[in-house]
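The values are calculated or read from the model by the stated rules, or taken from the named source; none is laboratory data. All figures in this text were calculated on a predicted structure; none of them were measured in a lab. Quick reminder, even Gly has a Cβ in these numbers, built from the backbone with ideal geometry, and neighbours come from all protein chains shown.
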Ligand SMILES: [Fe+2]
């Protein structure tokens, strides 16, 4: 039986494909690479690599401790490289994001609500960041997250830098 | 084995090859050992039976999916979410110019019943239309049994996230052995340490291990849900059996290995781009294209969809541009 090698990318080793144009504009394909974006990001910058109306995919370089963040809706963090610890707390009523807040926002202090638990996730692992929770990421070594969420105050747009333009 | 035929399905007695022939509106479908023949008032078409059944399988299992499912450059369906167009030549410049194109609109449940009947009757015991060519036997020959278990697989669709309570559960050796092409994918689990009382909200699972155990190809299934934002990863090997025409922008994230996409104009079929995707690559697919993927080795692809029901109308009327971002 043949032996197959499954190829994943990492911060240290990634190779980009690309758009070969026949009759179109490459900008319409918003082509970027998560590892390339994370390699050029500062820790915990939330850089959009996908956007469909209000929804975004954010590539996040996890390195050291993130700030405490809070969310009013479920988000999902997929580890694309490395290992990331997630600590979760239930938001106390006065910590809830203002009505209508989308994406996550800074908490600004240590969480006051009860601790919900902890997850340690490695490549390929998806973690639920539940609604009405505060969360903090920690990574001993640089790691990469892909976050499924809604655009928020801290979402960064760098399309001109990260995407293939010609 | 008796086939479950809806009373609205118009099917003939078995033909000389043992297969029923089907009539839907003014369309007529029949198969023989190698081919499927489609006839409509202004034209006719022939497809390989295995390509036809692979395409039909996706159309039925996805409930006509988002937008257009082209079985090939001539025949396919358009989903209007409640009704479905069955067309021939509608998205083919030459057929349009020759006025050989034909479209009929059906209630979704009626066309689905006919398609399910055709798929059940025309799939022999040796063939699994969801499997890669290396993993299944032949679709060809005279009628020889059936494979109802394969063609009526339950659609996997998470409501919150795989592994959550009352939701899709993890795949195990008992039901979903690791695919031969993903034998090297780590099967480790995340450490999940909920405090008492928070067990149903502190959740994580190994998505890559979950995908390594998929028993089907080219079949996006929901694994996580953020309102209308759906992660629909799928494992791909060989060729996408349909040419998918978008009715909204969709996004691809290449999780493993490589897929090459041939991208054409949705309405005319004219070539627009080739998109080569490697691990970590992200690309949007405009709302006015159609595309077909080629995967040399089984690959993990994250298809990211926006299920907002208002979108097709907004794109169709030009209220939204066909590409997602201006920069
Ligand atoms: Fe598609």
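Would you confirm, using the coordinates I've provided, whether residue B:276 is assigned to a strand (DSSP E or B) and either in the same structural domain as residue B:71 (by TED's automatic domain parsing) or more than 16 Å from the ligand (Cβ to nearest atom) (or both)?
On the way: assigned to a strand (DSSP E or B): yes; either in the same structural domain as residue B:71 (by TED's automatic domain parsing) or more than 16 Å from the ligand (Cβ to nearest atom) (or both): yes.
In short, yes.
Could you tell me which residue of the stretch A:104-141 is nearest to the other protein chains (Cβ to nearest Cβ), considering only residues that are touching a helix residue (DSSP H, G or I) at 6+ places or on another chain (Cβ under 8 Å) and surrounded by fewer than 24 Cβ atoms within 10 Å (Cβ to Cβ)?
Pass one, the stretch A:104-141, residues touching a helix residue (DSSP H, G or I) at 6+ places or on another chain (Cβ under 8 Å): A:107, A:111-113, A:123-126, A:134.
Among the residues that remain, those that are also surrounded by fewer than 24 Cβ atoms within 10 Å (Cβ to Cβ) are: A:107, A:111-113, A:123.
On the way: A:107: 18, A:111: 13, A:112: 15, A:113: 11, A:123: 7 Å.
So, considering only residues that are touching a helix residue (DSSP H, G or I) at 6+ places or on another chain (Cβ under 8 Å) and surrounded by fewer than 24 Cβ atoms within 10 Å (Cβ to Cβ), the one nearest to the other protein chains (Cβ to nearest Cβ) is A:123.
Return yes when residue A:158 is in contact (Cβ under 8 Å) with a residue 24 or more places away in the chain and within 17 Å of residue A:81 (Cβ to Cβ) and no when it is not. Explain how you work it out, then say what you get.
Working: in contact (Cβ under 8 Å) with a residue 24 or more places away in the chain: yes; within 17 Å of residue A:81 (Cβ to Cβ): no.
Here the answer is no, as residue A:158 does not meet what is asked.
Can you name every residue in the stretch A:1-19 that is in contact with a helix residue (DSSP H, G or I) (Cβ under 9 Å, 6 or more places away or on another chain) and closer than 10 Å to residue A:164 by Cβ? Talk me through it step by step, then tell me what you get.
Quick first cut of the stretch A:1-19, residues in contact with a helix residue (DSSP H, G or I) (Cβ under 9 Å, 6 or more places away or on another chain) only: A:1-2, A:4, A:6, A:8-14, A:16, A:18-19.
The answer is A:16, A:18, A:19.
It is to be established whether one or more residues within the stretch B:194-209 are more than 7 Å from chain A (Cβ to nearest Cβ) and within 15 Å of the ligand (Cβ to nearest atom).
Quick first cut of the stretch B:194-209, residues more than 7 Å from chain A (Cβ to nearest Cβ) only: B:196-197, B:199-200.
From what is left, the residues that are within 15 Å of the ligand (Cβ to nearest atom) are none.
No, there is no match, as no residue in the stretch B:194-209 is more than 7 Å from chain A (Cβ to nearest Cβ) and within 15 Å of the ligand (Cβ to nearest atom).
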Exercise. Does any residue of the stretch B:118-125 turn out to be assigned to a loop (DSSP other than H, G, I, E, B), modelled with pLDDT of 95 or more and over 19 Å from residue B:242 (Cβ atoms)?
Worked result: yes
For this session: Residue by residue through the stretch B:222-244, note down the ones that are buried (at least 23 other Cβ atoms within 10 Å of the Cβ), in a loop (DSSP other than H, G, I, E, B) and within 14 Å of the ligand (Cβ to nearest atom).
Result: B:241, B:242
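Run down B:83, B:136, B:77 and say which single residue is within 16 Å of the ligand (Cβ to nearest atom) and more than 14 Å from chain A (Cβ to nearest Cβ). Give the derivation first.
On the way: B:83 fails: within 16 Å of the ligand (Cβ to nearest atom); B:136 fails: within 16 Å of the ligand (Cβ to nearest atom).
Just a single option satisfies the conditions, and that option is B:77.
Within the stretch B:141-153, can one find any residue that is away from chain A (no Cβ under 14 Å), within 30 Å of residue A:78 (Cα to Cα) and either within 16 Å of the ligand (Cβ to nearest atom) or at pLDDT below 95 (or both)? Write out each step before concluding.
Narrowing the stretch B:141-153 to residues away from chain A (no Cβ under 14 Å): B:141-153.
Right, trim to within 30 Å of residue A:78 (Cα to Cα) and you get B:153.
Add one more test, that the residue is either within 16 Å of the ligand (Cβ to nearest atom) or at pLDDT below 95 (or both), and what stays is B:153.
Yes, that holds for at least one residue.
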Exercise. Do we find a residue being at the interface with chain A (Cβ under 7 Å from one of its Cβ atoms), assigned to a strand (DSSP E or B), away from the ligand (no atom under 15 Å from the Cβ) and under 28 Å from residue A:36 (Cβ atoms) anywhere in the stretch B:295-304?
Worked result: yes
For this session: Of the conditions (1) assigned to a strand (DSSP E or B); (2) touching a residue at least 60 places away in the same chain (Cβ under 8 Å); (3) more than 13 Å from the ligand (Cβ to nearest atom), residue B:269 clears all except one; give me its number.
Result: (1)
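It is to be established whether one or more residues within the stretch B:44-61 are in a loop (DSSP other than H, G, I, E, B), within 16 Å of the ligand (Cβ to nearest atom) and closer than 23 Å to residue B:107 by Cβ.
To start, the set of residues in the stretch B:44-61 that are in a loop (DSSP other than H, G, I, E, B) comprises none.
So far as the stretch B:44-61 goes, no, none of its residues is in a loop (DSSP other than H, G, I, E, B), within 16 Å of the ligand (Cβ to nearest atom) and closer than 23 Å to residue B:107 by Cβ.
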Exercise. Is it fair to say residue B:184 is out of contact with any helix residue (DSSP H, G or I) (no Cβ under 8 Å at 6 or more places or on another chain), within 7 Å of another protein chain (Cβ to nearest Cβ) and outside any strand (DSSP E or B)?
Worked result: yes
Exercise. Any residue at all in the stretch B:245-264 that is farther than 24 Å from residue B:179 by Cα, facing chain A (nearest Cβ under 8 Å) and more than 11 Å from the ligand (Cβ to nearest atom)?
Worked result: no
Exercise. Pick from the stretch A:142-166 the residues that are away from chain B (no Cβ under 12 Å) and over 13 Å from the mean Cα position of the chain (by Cα): which of them is surrounded by the fewest Cβ atoms within 10 Å (Cβ to Cβ)?
Worked result: A:166
